[in-house]
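The values are calculated or read from the model by the stated rules, or taken from the named source; none is laboratory data. What you are looking at is a predicted structure, and each value in this text was computed from that prediction instead of being measured. Don't worry about glycine lacking a Cβ; one is built from the backbone with ideal geometry, like all the others, and counts go over all protein chains shown. Quick note on the areas: whole protein, heavy atoms, side chains included, nothing else; ligands and nucleic acids left out. Shrake-Rupley method; radii C 1.70, N 1.55, O 1.52, S 1.80 Å.
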Amino acid sequence: MSKKRAFCKQLGEWVAVSDWHYSTLLAVLIDVVDELPGDANELVHELLYALDEKPSINTIIKYLEGSSRLCVWFEGDVGPRITRVCLVSQQALLTNKALPLLNTENDLAQWLGVSNAELVWLSALYRDDQNAHDAGRHYYYSIVKKRNGSPRLIESPKKRLREIQRRILHGILGHAPIHDAAHGFRKARSCKTHGSLHCGKKWLFTFDLSNYFHSIRWPSVYAIFIELGYPQSVSRLLTALTTHRCYMVDPAITKLLSEQQCLLQERHLPQGAPSSPALSNAALYHFDRRLSGLADSLGLVYSRYGDDLAFSGNVQRDWRFLQPLIGSISLEQGLLLNYRKTRVMKSHQKQRLTGIVVNAKSNVDRKYYDKLKAILTNCSRYGVEKQNRDGHPDFCAFLKGSVAHVKYLNPKKGEALEVIYRRIVW
């Protein structure tokens, strides 16, 4: 790279993160350029005249490279140099061309279709109270029970915020880097693709991340938008729009364990927001990269489906070191393993992964299949409502989805269940 081109790139980075005013830009040049030519003020005038509004960093660099004044500065392969590197704007060069160009908070508000005041209100960036009237809240809270009976908090954003989170999801997060080991919440990936990687292995190790969404905090989410190339002010608002700090006096919060309540007091990914699954995959990119590298070094295969981690291989050795090693890596990444859910399954045992049997091939669990078949048979005999023991709001839709899941894993068994299901709905 020539001296002139390197100078234009570095100066463009400083200009891109500065206010678009003559005095500010001239001050930047004086501050960061060594042996600044006497006509630097004319360069600033030309820049502001040629570009009425602050453009993208690439446009600024391109203009500087084509400036005849800069050509004079670097005649004879000499010229001024930048004394300090702008670390923030260097990341902006990594921006995907398909991403929306958002240089300022005003750009973000226009792209989301809201006013600047509404943008700040929806982000709740300056909220410091533990409670608020309903109009000031942007989330509904509800409690559902996990399989073990413990409570799980669902934070559902209200309509306006949900629309904005969906726009961020489809317009921005679709371009965030996600490691190939992640199989959950992705197109063309599923529990079946997750399980197929571990079929026919002598050893299968499964681990579970505790409080998955709530453990991913503000710094991890903020880093995603920074790495995509957005300036600090825009990244700050995008992070605020996609994270949440709970109202601790809400009745739903008081039903949770103290450990969960501590996590909810800080900004985290809300479980129930449409943007949270994609953000969780992006936030765990370096985590997946570390575990994938670890697996390669040990002769194992690694994949992750949401909070479920899986390792498998055929190497015979004492594997007792694996759990504490993965636990320490998780802690370094701000995550915590749920050690009670750690499983080690050998080839002569039933190897289950996210509800799928993977001993020889990805297949539906026999107990799950038999239970679903019995429920469908009883529905056809005694009626649907009598079999809805868990109180599903739309039990027929639940049964339809369960049958589709079985058919996806085992088409033959799924078709047999479909025959029984048709008798119910018809």
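Only one of the numbered conditions (1) touching a residue at least 24 places away in the same chain (Cβ under 8 Å); (2) in a helix (DSSP H, G or I); (3) loosely packed, with under 14 Cβ neighbours inside 10 Å is not met by residue 10, and that is (3).
Just wondering, is there one or more residues in the range 21-34 that are under 24 Å from residue 228 (Cα atoms) and not acidic (Asp, Glu)? Checked the range 21-34: no residue is under 24 Å from residue 228 (Cα atoms) and not acidic (Asp, Glu).
Every residue, every condition in (1) small (Gly, Ala, Ser); (2) touching a Gly at 6+ places or on another chain (Cβ under 7 Å), yes or no:
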| position | (1), (2) |
| --- | --- |
| 321 | no, no |
| 362 | yes, yes |
| 378 | no, no |
| 391 | yes, no |
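Within the range 84-104, residues that are closer than 27 Å to residue 34 by Cα sit with their Cβ atoms under 9 Å from residues that are of a type in the set (Gly, Ala, Ser) and modelled with pLDDT under 80, at 6+ positions apart or across chains, in these pairs: 92/56. Taking the range 249-274 as the range and being under 25 Å from residue 122 (Cβ atoms), more than 25 Å from the chain's Cα centre (by Cα) and either acidic (Asp, Glu) or open to solvent by 20 Å² or more (accessible area, probe 1.4 Å) (or both) as the test, the residues that pass are 249, 250, 251. Farther than 15 Å from residue 216 by Cβ, among the hydrophobic types (A, V, I, L, M, F, W, C) and under 17 Å from the mean Cα position of the chain (by Cα), is that true of residue 237? Considered against the rule, which asks whether it is farther than 15 Å from residue 216 by Cβ, among the hydrophobic types (A, V, I, L, M, F, W, C) and under 17 Å from the mean Cα position of the chain (by Cα), residue 237 comes out as yes. Evaluating residue 17 against the criteria (1) more than 19 Å from residue 3 (Cα to Cα); (2) open to solvent by less than 50 Å² (accessible area, probe 1.4 Å); (3) not hydroxyl-bearing (Ser, Thr, Tyr) leaves one unmet condition, (2).
The set of residues from the range 325-351 being within 22 Å of residue 288 (Cβ to Cβ) and open to solvent by 80 Å² or more (accessible area, probe 1.4 Å) comprises 331, 332, 339, 341, 343, 344.
Can you name the residue in the range 47-85 that is among the charged types (D, E, K, R) and either closer than 14 Å to residue 12 by Cα or touching a helix residue (DSSP H, G or I) at 6+ places or on another chain (Cβ under 6 Å) (or both) and is also surrounded by the most Cβ atoms within 10 Å (Cβ to Cβ) among such residues? The selected residue is 54. For the range 208-248, a residue qualifies if it is open to solvent by less than 20 Å² (accessible area, probe 1.4 Å), under 28 Å from residue 142 (Cβ atoms) and not in a loop (DSSP other than H, G, I, E, B), and the qualifying residues are 208, 209, 221, 224, 237, 238, 239, 240, 241, 242, 244.
Look through 364, 384 and report the one residue that is open to solvent by less than 50 Å² (accessible area, probe 1.4 Å), over 34 Å from the mean Cα position of the chain (by Cα) and not polar (S, T, N, Q). The conditions single out 384.
How many residues are touching a residue at least 24 places away in the same chain (Cβ under 8 Å), surrounded by fewer than 24 Cβ atoms within 10 Å (Cβ to Cβ) and not charged (D, E, K, R) when one looks only at the range 284-293?
The number of residues fulfilling the criteria is 4.
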